[in-house]
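What follows is a set of notes on a single structure, which appears directly below.
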Amino acid sequence: MRTLTASVEIEIPFHDVDAMNVAWHGHYLKYFELARCALLRRLKYDYPQMRDSGYFWPIVECHLKYVRPARYGQLLQVAASLVEHQNRLKIQYVITDLANGYRLTEGYTVQVAVEAGTGELQFVSPPILLEKIEQACARPL
């Protein structure tokens, strides 16, 4: 199975930077979220579809590694790749500078399926996720 990826381009807005003109570290999770939603839309299993299928997918773990600072007005590419899906969703991220390709930040998030009606944690991914991944892999790039 091929790796499913999606990416978004963003420009660091003024309201995301501190007095040193550097993006505040907490905003990187927001940038991850933008790429994650693009990836989930590619699967045709974005948050509304997750809810409608009877599952919530809370994030239970996240990791970030800052390599270089992002600054006001900088154009970035945020790429998200699905790296695990059998028992949980693990999505890996890489943020790069669009101008020179330098890696700025990398990390991952982990989400687990929770049955919406009962709040019960699922120890394996629901069949609907596996179907969506299979369908996305069958579509042309």
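The values are calculated or read from the model by the stated rules, or taken from the named source; none is laboratory data. Source: prediction; values computed, not measured. Don't worry about glycine lacking a Cβ; one is built from the backbone with ideal geometry, like all the others, and counts go over all protein chains shown.
Given the criteria touching a helix residue (DSSP H, G or I) at 6+ places or on another chain (Cβ under 6 Å) and not hydrophobic (A, V, I, L, M, F, W, C), does residue 15 qualify?
Numbers: touching a helix residue (DSSP H, G or I) at 6+ places or on another chain (Cβ under 6 Å): no; not hydrophobic (A, V, I, L, M, F, W, C): yes.
It is false that residue 15 is touching a helix residue (DSSP H, G or I) at 6+ places or on another chain (Cβ under 6 Å) and not hydrophobic (A, V, I, L, M, F, W, C).
Would you confirm whether any residue within segment 75-96 is in a loop (DSSP other than H, G, I, E, B) and aliphatic (A, V, I, L, M)?
No; the residues of segment 75-96 include none that is in a loop (DSSP other than H, G, I, E, B) and aliphatic (A, V, I, L, M).
Considering 96, 105, 109, 118, the condition of being at pLDDT 95 or above, among the β-branched types (Val, Ile, Thr) and under 12 Å from the mean Cα position of the chain (by Cα) is satisfied by 109 alone.
On the stretch given as segment 1-42, residues that are assigned to a helix (DSSP H, G or I) and under 18 Å from residue 65 (Cβ atoms) total 9.
All conditions but one from (1) without any contact (Cβ under 8 Å) to a residue 24 or more places away in the chain; (2) within 25 Å of residue 131 (Cα to Cα); (3) surrounded by 15 or more Cβ atoms within 10 Å (Cβ to Cβ) apply to residue 52; the one that does not is (3). Criterion applied to 108, 93 was being on the phi < 0 side of the Ramachandran plot and in contact with a Gly (Cβ under 8 Å, 6 or more places away or on another chain), and the one residue passing it is 93. The set of residues in segment 55-89 being of a type in the set (Lys, Arg) and either buried (at least 17 other Cβ atoms within 10 Å of the Cβ) or over 18 Å from the mean Cα position of the chain (by Cα) (or both) consists of 68, 71, 88.
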